[in-house]
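Contents: one structure, followed by commentary.
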Amino acid sequence: MWYKLSRKILGAAGIILAASIFQGAINGAVAKDIFVTENLQNALDQAENGDSLYLAKGVYEGSIILTKPVNIIGVEGAIIKGQGAGNVVTVKSPNVSLSGLTITGSGLLLETQDSGIFLSKEATGAIVQNNKILDNLIGVYIWGAHNASVRHNIIRGRQDMRVNERGNGVQIWNAPGATVDGNDIQYGRDGIFVNTSKENIFRNNIIHEVRFAVHYMYTNKSQVIHNISRNNEIGYAIMFSTHVDVVDNQSIQDRDRGILFNYANHIKILGNHVTGGAKKCIFIYNSNNNIIRDNLMSDCDIGVQFTAGSENNQIYNNAFVDNKVQVKYVGTRWLEWSHEGLGNYWSDNSAFDMDANGIGDNMYRPNDLTDQILWRYPTAKLLINSPAVQLLKWAQSAFPALHPGGVVDSAPLMTIPKEIIYKNN
């Protein structure tokens, strides 16, 4: 009778919903809200799939293991504290959510990858959000969990250990679809480290006082978008990876390199800003078939250091502003740094634009023979203003065959591209 009435009132969609609720009630599978004040592990053992556990203010003993799809929600001051060994929270179930918690007190052994939160390969679809993850060896380790999300957390690594003994803020291994979004990561070794993965998104993170802000190894078809790296050794290190989009990121006062590419191929480097005095704004080593466009490279010792093993890269519509050396390339081949009549802006290029088309009337060579002599023999800088050096510069401009190869921009821009000015404002 009930079934027939439901069919008449609800229709086919209503039957499915009503039957689902009815069956869930029979099986006792209706999700519950559980309010926890002590012994979190005991509460987890008694919880059912889909239950939500609300933690009152207080300290809860770790290490805890989650083997059911539940939600743990903490109020301000809800702390899960490990005992200084192993992981504080280990997730071994799909569809787990952790939010509003302070998590601290992991072990300190890199060989066992001790973490504040460890998402095992069973933790598909896990969500870690709005937590404070403090003073653990590794903040969050996504170990093979597909489609996990780590977002809007404050992560603070260890400062009381040597850099190579510290763990990373977020570490990812073989976790396709993982997203790291909107986190504030500080201290530890690397901010985000990913190895042997694919289809990952790192977006809107602020990473400071670490070694590498973002460190890629053997990771493909992924995105690094709208992140800020500040006061790190290196901002973004893309290594042994392919088909990665590095878009609209900032490197501010990173010390050694803003962006580094090592055996990185088919990468799109678009709209990034490197400012604040790095030794090298961008370093490119054995990386091929990349697009480098709409980037600002400013106030570095070297704008771009480029190795001879890198080929078929398109480098255009960038701004090289006030770098001590704009380009360092030591090689015998000619590299054209313009594309379809569009070159780059060079702050030290004293050019004329007689036809007012926004393109300099003469090609620009950012690293001539004089530059290469100075790289090889730094003491020769004492002669930079000598008549002999000035004669050499004149001879190169009058007789291009004297050039030993290097970078040439056949269509240098007279002003900074509007795309870069707009993003700077």
For this session: Could you work out the local net charge near Gln223, counting Lys and Arg as +1, Asp and Glu as -1, over the other residues with Cβ closer than 14 Å to its Cβ?
Result: 0
Problem set entry | Too-long pairs where the Cα-Cα distance tops 29 Å, listed order kept, from Lys324/Lys418; Lys198/Lys328; Lys32/Lys92; Lys81/Lys279; Lys81/Lys198; Lys132/Lys198 | Lys198/Lys328; Lys81/Lys279; Lys81/Lys198
Seminar exercise, completed: By the mean-Cβ-within-10 Å protection proxy, highest first, 254-263, 188-197 rank as 188-197, 254-263
Exercise. Once you put a point 7 Å from the Cα of Ala308 and another 7 Å from the Cα of Asn42, both along the Cβ direction, what distance in nm separates them?
Worked result: 7.2
Exercise. At what distance in nm do the modelled label points of Asn231 and Ala85 sit from each other, each positioned 7 Å from its Cα along Cα→Cβ?
Worked result: 3.7
For this session: Just tell me which aspartates and glutamates come within less than 20 Å, Cα to Cα, of Lys57; anything on the same chain fewer than 8 places away is out.
Result: Asp33, Glu38, Glu76, Asp135
For this session: For the stretch 316-323, take each phi angle, set θ = phi - 60°, evaluate the Karplus expression 6.51 cos²θ - 1.76 cosθ + 1.60, and give the result in whole Hz per residue in order, putting x for glycine and proline.
Result: 7, 6, 9, 10, 9, 10, 6, 8
Exercise. Cα-Cα pairs above 24 Å in the stretch 94-184: how many percent?
Worked result: 12
Exercise. Near Arg257, within a Cβ-to-Cβ distance under 10 Å, what is the net charge of the other residues, with Lys and Arg +1 and Asp and Glu -1?
Worked result: 0
Exercise. Using r as the Cβ-Cβ distance of Asn195 and Met363, and R0 as 51 Å, what FRET efficiency do you calculate, to the nearest 0.05?
Worked result: 0.75
Problem set entry | Orientation-averaged projected area, Cα convex hull of the stretch 31-333 (nm²) | 14.8
For this session: Once you have the Cα-Cα distance between Phe240 and Lys279, take 0.36 nm times their residue separation minus that, and quote the gain in nm to one decimal.
Result: 11.8 nm
Exercise. In which sequence would Leu270, Leu119 go, from the one with the fewest C-beta neighbours within 10 Å to the one with the most?
Worked result: Leu270, Leu119
Exercise. Under a point spin-label approximation (7 Å from Cα along Cα-to-Cβ), what is the Ile65-Asp355 distance to one decimal in nm?
Worked result: 7.4
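A short reminder: the numbers here are calculations on the coordinates, not readings from a lab. Worth saying up front: this structure is predicted, and the values here are computed from it rather than measured. Heads up, the Cβs are rebuilt from the backbone with ideal geometry, glycines too, and the neighbour counts pull from every protein chain shown.
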